[in-house]
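This report refers to the structure that appears directly beneath it.
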Ligand SMILES: [Zn+2]
């Protein structure tokens with residue numbers, strides 16, 4: 001049975017966040033064969049934006065989205081509303097990988113993800129991107145605690 005996903009149109013703040021991420025990757029990428037090929041941006045509940053750039057490495061270097069999450073946290077932004085990633089070389093926004101989706105669900109269960117769909121760019125709640133997912137909240141598990149699966 002197909003799962004319906006609630007897609008929402010973008011607002012001006014969403015478009016501003018995409019542009020913020022695009023500028024980060026355009027200014028700092030090392031090209032199509034480089035190790036920094038994706039930019040990301042998150043918005044805090046107070047409106048501030050924080051950027052990130054991926055660090056590709058065969059051992060599992062972090063995606064741009066995860067770097068942006070760490071950047072926001074380092075600046076004291078604990079509650080985030082929106083996230084987007086943008087590829088270098090004019091590739092535009094790219095949806096988050098499975099690892100990022102699980103991390104977003106666990107750390108920021110109310111965050112919205114901006115991503116391309118067959119109907120164009122849309123905003124989707126992370127819970128809608130992860131139907132039937134295992135839920136493991138950071139609050140419930142603690143930094144080093146045992147995962148809590150509902
Ligand atoms: Zn990823």
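Among residues of the range 31-49 that are over 17 Å from residue 69 (Cα atoms), those with a beta-carbon under 6 Å from a residue that is at pLDDT 95 or above and surrounded by fewer than 18 Cβ atoms within 10 Å (Cβ to Cβ) at least six positions away or on a different chain give the pairs 32/89; 35/56. Residue 118 meets the conditions (1) more than 16 Å from the ligand (Cβ to nearest atom); (2) touching a strand residue (DSSP E or B) at 6+ places or on another chain (Cβ under 6 Å) in every case but one. The failed one is (2). Could you say whether any residue in the range 73-84 is more than 10 Å from the ligand (Cβ to nearest atom), over 17 Å from residue 47 (Cα atoms) and buried (at least 22 other Cβ atoms within 10 Å of the Cβ)? Taking every residue of the range 73-84 in turn, none turns out to be more than 10 Å from the ligand (Cβ to nearest atom), over 17 Å from residue 47 (Cα atoms) and buried (at least 22 other Cβ atoms within 10 Å of the Cβ).
Residues of the range 45-56 include none that is surrounded by 18 or more Cβ atoms within 10 Å (Cβ to Cβ) and under 27 Å from residue 132 (Cα atoms). When the range 1-42 is examined, which residues are found to be outside any helix (DSSP H, G or I) and surrounded by 14 or more Cβ atoms within 10 Å (Cβ to Cβ)? 7, 10, 29, 36, 37, 38, 39, 40, 41, 42, listed by residue number. State yes or no: is residue 90 under 22 Å from residue 37 (Cα atoms), in a loop (DSSP other than H, G, I, E, B) and out of contact with any helix residue (DSSP H, G or I) (no Cβ under 6 Å at 6 or more places or on another chain)? In short, yes. What is the residue count in the range 37-72 for residues that are at pLDDT 95 or above and within 14 Å of the ligand (Cβ to nearest atom)? Residues that pass the stated criteria total 21. Can you tell me how many residues in the range 97-150 are farther than 21 Å from residue 2 by Cα, at pLDDT 80 or above and in a loop (DSSP other than H, G, I, E, B)? Summing the residues that are farther than 21 Å from residue 2 by Cα, at pLDDT 80 or above and in a loop (DSSP other than H, G, I, E, B) in the range 97-150 gives 4. Every condition in (1) farther than 23 Å from residue 15 by Cβ; (2) within 12 Å of the ligand (Cβ to nearest atom); (3) crowded, with 17+ Cβ neighbours inside 10 Å holds for residue 99 except the one numbered (3).
The values are calculated or read from the model by the stated rules, or taken from the named source; none is laboratory data. This is a predicted model, so every value here is computed, not measured. Note that each Cβ is placed from the backbone with ideal geometry, even for glycine, and that neighbours are counted across all protein chains shown.
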